[in-house]
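A.B. asks: The structure's right below; bear with me while I get my questions together.
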Amino acid sequence: MDKQAITALIDAQPANTSLDQAFYADADIYQRDVEEVYLKSWLYAGHLSEIPGVGDWFLFELAGESLIVVRSDDDDVSAVLNVCRHRGSRICLDKTGCSKRLVCRYHGWSYELDGQLHSAAHMPADFDKSAIKLKKIHTEVLEGMIYVNFSEKPASFEPIREGLSRCLRPYRLDKAKVAHRQSYSINANWKLSVENYTECYHCAPSHPEYTRGHSLAKPGARSTVMMDEVMARAGTCGLSEESVNCVYLDEPGFGSGYAFERYPMWRGHLTGSEDGQAVAPLLGDVKNYDGGTTDFQVGPVSFALAYCDYVVIYRFTPLALGRSECDITWLVNGGAEEGKDYDKTRLTWLWDVTTLADKRIIEYNAEGVKSRYYEPGPYSNMEEFTWKFMSWYLQAIRP
Amino acid sequence: MDKQAITALIDAQPANTSLDQAFYADADIYQRDVEEVYLKSWLYAGHLSEIPGVGDWFLFELAGESLIVVRSDDDDVSAVLNVCRHRGSRICLDKTGCSKRLVCRYHGWSYELDGQLHSAAHMPADFDKSAIKLKKIHTEVLEGMIYVNFSEKPASFEPIREGLSRCLRPYRLDKAKVAHRQSYSINANWKLSVENYTECYHCAPSHPEYTRGHSLAKPGARSTVMMDEVMARAGTCGLSEESVNCVYLDEPGFGSGYAFERYPMWRGHLTGSEDGQAVAPLLGDVKNYDGGTTDFQVGPVSFALAYCDYVVIYRFTPLALGRSECDITWLVNGGAEEGKDYDKTRLTWLWDVTTLADKRIIEYNAEGVKSRYYEPGPYSNMEEFTWKFMSWYLQAIRP
Amino acid sequence: MDKQAITALIDAQPANTSLDQAFYADADIYQRDVEEVYLKSWLYAGHLSEIPGVGDWFLFELAGESLIVVRSDDDDVSAVLNVCRHRGSRICLDKTGCSKRLVCRYHGWSYELDGQLHSAAHMPADFDKSAIKLKKIHTEVLEGMIYVNFSEKPASFEPIREGLSRCLRPYRLDKAKVAHRQSYSINANWKLSVENYTECYHCAPSHPEYTRGHSLAKPGARSTVMMDEVMARAGTCGLSEESVNCVYLDEPGFGSGYAFERYPMWRGHLTGSEDGQAVAPLLGDVKNYDGGTTDFQVGPVSFALAYCDYVVIYRFTPLALGRSECDITWLVNGGAEEGKDYDKTRLTWLWDVTTLADKRIIEYNAEGVKSRYYEPGPYSNMEEFTWKFMSWYLQAIRP
C-alpha cells in the first residue's frame, strides 16, 4: 500500500471504531509502525538490577533489531546495536552476559563497552579504527528502570522524569530487584496486543482472576466512594495522592507520554494475587496497604501496575507483521529474599494466568480480523482509552 | 500478476493440457480462485446428523474464513460468519459445540443462533443493536447434506435438488449418520488436489487397493457388459437407473453443477472395502448389492461415492496458495450401531489408505510444478473429466 | 527491486567492502543469483563411486530444482530433470536408488535412463512419444567427480580438465570412494556461506580445531620457509608441484574457474584430524606425507581440500532467499575398508566440527545484516579472495 493510499485510509477511519483490516495485514503499514512508532518512542528495556556490575549486559530485541544494553560504567548505562561494523554479525549471542569488552566471535573485532572499536586484526594500512563505533542508542534511567529510544533526536525524557519521579518515589524502584522476567510470544499484530492491554472492557468476561480483586473491571471505578477512601488512606500509607495523565495526543513530545493513576481494589484485596493477600514485603517507603493499586505508563507501549508489594512492567513489541511479544518484569523490594520473603509462583500467578488468557484472546482476534468479511465495529464506553491510543497511532504513522 | 496478464495467460492455455505454473504459484491468481470459485459456489459443509439439536453447531473453515453452521431451529440450519461485529474476534473457538446463544468470549457480545446481536454491555447511548448481525451465508439441505454458498446472490439450488433428489432417494441420506469425519492437509495448491480426484488415470499405478475392486481404473468402464448387468439389477435392488451429468460448463448456474453416475465393481466386490465384502448395513431403502457403485457431485469441488452400505463425501478446499484440505465424511445407515453393525476401521480403510496415498502423490506433483523448467504436458484419454473441470475453472477466474 | 535499481546498486558498491543489505534480502536479486550464477555455472554433483552400476542414481537438489544424476551406461553419466513431462510430478522420490527405467509413480509414465519417454498408457492417437524427453542437463566427469551445468550452452569444461587433471592425478580420485556425505542446512543467504568459506580471517577466532594444524589461519602462509620445504618434499611424495589459479574474473568461461594451490600444515600435522595423525590410507599414487595440504576449486561454489589421506569436497547451494545448503563429501582410497583401514568418526571429525561452527557463525551473520542500521564494513587483508568472489558475483548478476 503506497503512502497516498495509507493517508486516504487513515483519513477515512471513523472515530471510536476498531481499525480497518489493512492496519493488521499490510506490510507497508507494518513498516511504518516500526519506523514511525517504535524507532521513535521511549521503550522500556530493563532494570538496573539486571546489570549490577560494569560489563554486565542483556539484549533487547524487537522487529529484527537487537540492542546490547550494558552497564558501561559504575553509573552509566549504554545501549549499542548488536551488529558488528565489519561484516554485520551479531556480537553478543546469549540473552545476558558479562564482558570486559564486546567481542565479535566471527573475526575477533572487539569494542569498548560504549561501542568504540578497540581492535581489529590484519586491516589495511589506511584503516582508521577511531572512526568505527557500534551504533549508539539513547538511554535514560528513571527510578532504576532503563528506557531506550532509537531516534537520533528523541523527544526529551525530562517531562517524564518531572512528571513521574515524585509519584513513583515511595516505591523506591531504584532499590527494587527483578524477581522474575518472562516473554510471551503472541501470534498477532502488535496493535491487537496493545488494544487488549488498554481496555478493561474484556476483564469481566475474560479475566475472572483479575476481576475478583480489581474494581477497574467495572466502568467508572475511579469515581467511586471506594476511590475516595483509597485516596484518603494513601498519604498515611506513604503513597502518592497525585494523578497525572499526559499520554498519546497529550504527550509532551513524540513517544514520551506518561501517566500515573490509581484505582481501588475490592475490599479484602491487598494486592494482585490469587487470594488477595500480600505476596512480598512492602516496597520501598510504602508503610501499609491503602486498598488501591496504580497504573503507570512511560511512552506509548510500556505500562506498569504498582501494588504496594510488587510491580509488574509490561512492554509490547512487534516481532513481525503478525507476531508480537509481551515482555513482563516482576519487581520486588531489593532486600527481599526468594523462598523466604516471597514465593515466585505466588508472586507471578495473577499476571501469568491473565497474560496467558490474553494471548489466547488476542490470537483469536487476529484470526477473525483476517476475514474478507471483517468490518470494523463500534467501541464501547469502556474502550475510550484504547481509542486514545488508536487516534495517536493513526496520526503517528500518517505519511 | 495483473488482470491483463491473467487474461492473456488463460487465453494462451492449450486444451487438454496441464496448467501453466502460474496457476499454482501466483498469489493474485490464488486470490481469484478463492473469490471467483470458492466464494461463489455451492460447497458441502456437513450433515444434519452432526447438529441434531437446536444450538448444535460445527465450524467450516476455508481460505482464512470460518463459518458457524448451526441448527438454529428444529427444522432450520443457519450459517453465520465466525467473526464478532465488535472488534473481529472469533466467536466459536472449538470445532463443534452447542450453545443457546453464540457468545464472543472476548467482550461478552452475544448473538442469537441466526446471527442477530442479542446483547452488548456498556455501549454508547446511540448504539442500535438491532442493526448488528453476524454475516449470514446461504445454506441448503439436500437429503440431509448441508451445502453453503458465500455469494450474496448464489445460483439457485433448485436444479440440483430436482436433478439429484430422485436418484439419491433410495439411499435415504436424510436418515443416515456420520460414522467418521476426517481432514487431510495437503501441501499443494487446491487445484492439484481436485485434478487428482477428477481422473482415474492414476488409479492403476497408484491405488492397488481401489483398483482391485473398482472397474473405473480401466478406460470405458461405463460402456461394458458388466455395466449393463449392473443396471439390469439396479431396479430390483432398489437403486436408481438414472444418470445425470450437468457439471462445469454444463452447470445450470455458476457453481451449481450436479451429477449422478454409476459404474461396475469387479465381480466378488459388494462395496469399497479391503476384502470387497460389506462393511455396514444396507443404506435406507436399498434392498441388495447390485454390483455397482455411484459417483455423485454437487457444485465444483464436493464429490461423493455411494456404495450400497456407505457413502463417502469428499470436499476440497484451499487453505493457502500452496496448501489445501481434503475433508472426508463417512455416512452409514442412521440405525446402525458402531461396534455392533459396523467396525469403523473396516469402514474407513479403503478411502483412508487411498487418500493418504493421494496426499503423497499430490505433494510430489506440487514439488515438480515449482521447477523453472516445468512445462505443461498432454492429458491422456482418461483425463477428459479433469479437462472439463479445468476449462470451467479457467473461464471462472477469467477477469 | 527492478533491473535499473539493481544495476545502480551494483555500481554504487565500494571495493573491498561487505555487500549492501539488499543482496541478502531482496527477492529479485535472489532470482538473479539463481538464474545468472547457479544455473549457468559448473557445480559439483557427486562422485562416480556413488553410482557404480547402470541404473544407479542420486538426486541433486538446489533452489527448488531436482536433478536425477544417473549411471545411464557403463561409461556414461546422465543428469535429467526430476519432473515428469505429463503433469509435472517428481519422478524419483528417494535420495538415491537404482532403476532399470525412471518411472513416475503418479500415472506410470516411464523413461529411459537418458530421459527419453519409453511408455505412457491411454494417450490420444496423435501422441508422439518420441518427442517427449526429460530435460537433460550437461554433465562432465573429472577424476571421478561429476559436475553439472544447467545452461543450454555451458562454458567449455575442457580448460578445467586441462588445468587440473595433471595436478590432481596423484590422488587418483577416479579410484577413490565416498566414505561419508553430509548435508548442513544453513539459515542464511548462500552468499554469506560462500563468503565464510572463501576467507580464513575467521579461522583463528572461530576454529581452534582447524587453526592448530593449518598454517593458513595466519596471513601469508604461502610465502614462508615452511611452504618452500613442503614444495621441496612434494615431488618425492608423489604430489604435484604446480599451482594454478584461474577463478572468478580470471576464469576462462562463465562459471568455469579452477584452481589448485597448496599450503603448509604445522609441523607434526600430517593431515586434517583431531591429533594431526593420519585417518586413512594414503590416496592413489601418493607415497608419503609432505607436510602440506591442497585447496582446489571447480566453478564458483565447489571447493575441496585434498590431504594425502583424504579429500573433502564442499558445495554451497541456495535453497531459498534466506536458506542455503553446505554439502560435504569425504573421499578416501577406493581400496580402504571402513572399520579396518579408517574410522568414519575420526575421518570426519575436523570438518564436521568446523562446519557446525561455521553454520552458527553464518546464521548470526545473517541475523545481523537484517538490521535497518546495518552498514557494509571494510574487508581485512585476509579477505582478498572473498572480494575476488564478490566482484565476480556483482558482475555476474549485473542486468
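A.B. asks: Which residues, counting only those in segment B:21-47, are in contact with a Gly (Cβ under 7 Å, 6 or more places away or on another chain) and either loosely packed, with under 14 Cβ neighbours inside 10 Å or under 22 Å from B:GLU251 (Cα atoms) (or both)?
C.D. replies: Our first condition is that a residue be in contact with a Gly (Cβ under 7 Å, 6 or more places away or on another chain); within segment B:21-47, this holds for B:40-43, B:47.
Answer for segment B:21-47, where residues must be in contact with a Gly (Cβ under 7 Å, 6 or more places away or on another chain) and either loosely packed, with under 14 Cβ neighbours inside 10 Å or under 22 Å from B:GLU251 (Cα atoms) (or both): B:LYS40, B:SER41, B:TRP42, B:LEU43.
A.B. asks: Just checking, does segment A:310-323 include any residue being within 14 Å of chain B (Cβ to nearest Cβ) and under 30 Å from A:ASP20 (Cα atoms)?
C.D. replies: yes
A.B. asks: Has segment A:25-47 got at least one residue that is within 14 Å of chain C (Cβ to nearest Cβ), assigned to a helix (DSSP H, G or I), touching a helix residue (DSSP H, G or I) at 6+ places or on another chain (Cβ under 6 Å) and among the basic types (Lys, Arg)?
C.D. replies: Checked segment A:25-47: at least one residue is within 14 Å of chain C (Cβ to nearest Cβ), assigned to a helix (DSSP H, G or I), touching a helix residue (DSSP H, G or I) at 6+ places or on another chain (Cβ under 6 Å) and among the basic types (Lys, Arg).
A.B. asks: Still on this structure, please answer the following. Of all residues in segment A:8-20, count the ones that are over 22 Å from A:MET382 (Cα atoms) and open to solvent by 30 Å² or more (accessible area, probe 1.4 Å).
C.D. replies: So the answer is 4.
A.B. asks: Does B:LEU67 fit the bill of being modelled with pLDDT of 95 or more, touching an Asp or Glu at 6+ places or on another chain (Cβ under 8 Å) and within 29 Å of B:LYS191 (Cα to Cα)?
C.D. replies: Spelling it out, B:LEU67 is indeed modelled with pLDDT of 95 or more, touching an Asp or Glu at 6+ places or on another chain (Cβ under 8 Å) and within 29 Å of B:LYS191 (Cα to Cα).
A.B. asks: From A:GLY115, A:GLY88, grab the single residue that is in contact with a strand residue (DSSP E or B) (Cβ under 8 Å, 6 or more places away or on another chain) and assigned by TED's automatic domain parsing to the domain that holds A:ASP56.
C.D. replies: From the options A:GLY115, A:GLY88, the qualifying one is A:GLY115.
A.B. asks: Right, here's the next one. Please work out which residue is farthest from C:VAL194 (Cα to Cα), limiting yourself to segment C:308-321 and to residues that are in contact (Cβ under 8 Å) with a residue 60 or more places away in the chain and in contact with a helix residue (DSSP H, G or I) (Cβ under 7 Å, 6 or more places away or on another chain).
C.D. replies: Selected residue: C:TYR310.
A.B. asks: Need pairs with beta-carbon distance below 6 Å; first residue of a type outside the set (A, V, I, L, M) and within segment A:381-396, second part of a helix (DSSP H, G or I); sequence gap 6+ or separate chains.
C.D. replies: From residues that are of a type outside the set (A, V, I, L, M), the pairs are A:THR386/A:GLU195; A:LYS388/A:TYR248; A:PHE389/A:TYR248; A:TRP392/A:TYR248; A:TRP392/A:LEU249.
A.B. asks: Which condition from (1) open to solvent by less than 20 Å² (accessible area, probe 1.4 Å); (2) more than 19 Å from C:LEU356 (Cβ to Cβ) is the one that C:VAL194 breaks?
C.D. replies: The single condition C:VAL194 does not satisfy is (2).
A.B. asks: In addition: Can you confirm whether segment B:178-197 contains a residue that is among the β-branched types (Val, Ile, Thr), without any contact (Cβ under 8 Å) to a residue 60 or more places away in the chain and either outside the structural domain of B:SER380 (by TED's automatic domain parsing) or under 18 Å from B:LEU305 (Cβ atoms) (or both)? Break it down stepwise before answering.
C.D. replies: The first filter runs over segment B:178-197 and keeps only residues among the β-branched types (Val, Ile, Thr), leaving B:178, B:186, B:194.
With the extra rule that they be without any contact (Cβ under 8 Å) to a residue 60 or more places away in the chain, the set shrinks to none.
The answer is no, given that none of the residues of segment B:178-197 is among the β-branched types (Val, Ile, Thr), without any contact (Cβ under 8 Å) to a residue 60 or more places away in the chain and either outside the structural domain of B:SER380 (by TED's automatic domain parsing) or under 18 Å from B:LEU305 (Cβ atoms) (or both).
A.B. asks: Next up: How many of the residues in segment A:169-187 are aliphatic (A, V, I, L, M) and buried (at least 24 other Cβ atoms within 10 Å of the Cβ)?
C.D. replies: Number satisfying all stated conditions: 3.
A.B. asks: Filter the helices (runs of 4 or more DSSP H) completely within segment B:165-284 down to those with at least 3 residues that are over 20 Å from the mean Cα position of the chain (by Cα) and among the aliphatic types (A, V, I, L, M).
C.D. replies: In segment B:165-284, the matching helices (runs of 4 or more DSSP H) lie at B:225-234.
A.B. asks: Restricting to segment A:192-210, and then to whatever is more than 7 Å from chain B (Cβ to nearest Cβ) and polar (S, T, N, Q), can you tell me which residue is farthest from A:SER273 (Cα to Cα)?
C.D. replies: Out of the qualifying residues, it is A:SER193.
A.B. asks: Do the conditions hold for B:LEU19, that is, is it within 14 Å of chain C (Cβ to nearest Cβ) and touching a residue at least 60 places away in the same chain (Cβ under 8 Å)?
C.D. replies: Here the answer is yes, as B:LEU19 does meet what is asked.
A.B. asks: Considering only residues that are closer than 26 Å to C:SER206 by Cα and touching an Asp or Glu at 6+ places or on another chain (Cβ under 8 Å), which ones fall in segment C:332-356?
C.D. replies: C:LYS344, C:ARG346, C:TRP349, C:LEU350, C:VAL353, C:THR354
The values are calculated or read from the model by the stated rules, or taken from the named source; none is laboratory data. Fair warning: this is a prediction, and the values are worked out from it, not measured in the lab. FYI the Cβ positions are ideal-geometry reconstructions off the backbone, even for glycines, and counts take in every protein chain you see. Note: areas computed on protein heavy atoms with side chains; ligands, DNA, RNA excluded. Shrake-Rupley method; radii C 1.70, N 1.55, O 1.52, S 1.80 Å.
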